[in-house]
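Structure, as structure tokens:
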Amino acid sequence: MDRREFNELIERIKKLDGEAIKLLREAIIAEIEGIARIDIHREARAGKPEAIFAEGKSVDDLLIIVKTCVEKSDKVLVTRLSDEQMEALEQMKQLNVRINRKARTAVIKSENTGSVAETERRGKVAIMTAGTSDIPVAEEAAETAEFLGMDVLRFYDVGVAGIHRLVEPIRRIAEEKVDAVIVVAGMEGALPSVVAGMVDVPVIAVPTSIGYGVNFGGLTALFAMLQSCSSGVAVVNIDNGFGAAVFASLIAKRRSG
């Protein structure tokens, strides 16, 4: 759209009466009692749906937001839930609530929303962790990927301290023809570099805050992944399993499209 077309659009909008503008705004954004503005058409516009980040929200605010999201889109993913928030969501009897406590996530659907049909699956991702302590972040990635319609292969506790454990996962990844590999690691964050040197698909590295003192809450793993000697590695933020899965989903869409 050039400047002339843009100016014409602005002039047309100015001619709308107040009620028309209100209806137009409501069709794009769902405003919730002054606490949130839900981006209803994010998936159609950007290829990824709205999700709810629960951390820092009160239980009452979270429940209101969840109800509105489900009304507008039939289902919603909630991440970074506290124990109190999970208990409150489990009491929402009028909705279909599935909680993964390890991942601190919930997938909430209206009662008439079915599962994603096999023909509607969109891609496949392998998720690996260096250690058992990294599994909660990996499970956030897995829940997000499945919510986005991807098939997920899980390979946990296969870090470089026992590098022979990688043999079987690498073989399976090659056989299954995954679209991307998410590698979750704390400590020194070495695993993504090793994996990227052995597979022919994008590797999405997720540093975790797991490790002893000089791990610095995940910074050491983050810096190591950013300095990866292997090419083809993208790095997301510390403990950001959600972001890694969204990235993998977008890769899968481009490959299948």
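A short reminder: the numbers here are calculations on the coordinates, not readings from a lab. The shown structure was predicted, so the numbers you read here are calculated from the model rather than taken from an experiment.
Please tell me which of these pairs span more than 25 angstrom C-alpha to C-alpha: Lys102/Lys177; Lys67/Lys124; Lys72/Lys102; Lys57/Lys109?
On the way: Lys102/Lys177 28 Å; Lys67/Lys124 30 Å; Lys72/Lys102 28 Å; Lys57/Lys109 20 Å.
Too far apart for the 25 Å limit: Lys102/Lys177; Lys67/Lys124; Lys72/Lys102.
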Query raised in the report: Taking 0.36 nm per residue of separation and subtracting the Cα-Cα distance, what length does fully extending Phe216 through Arg255 add?
Result: 10.4 nm
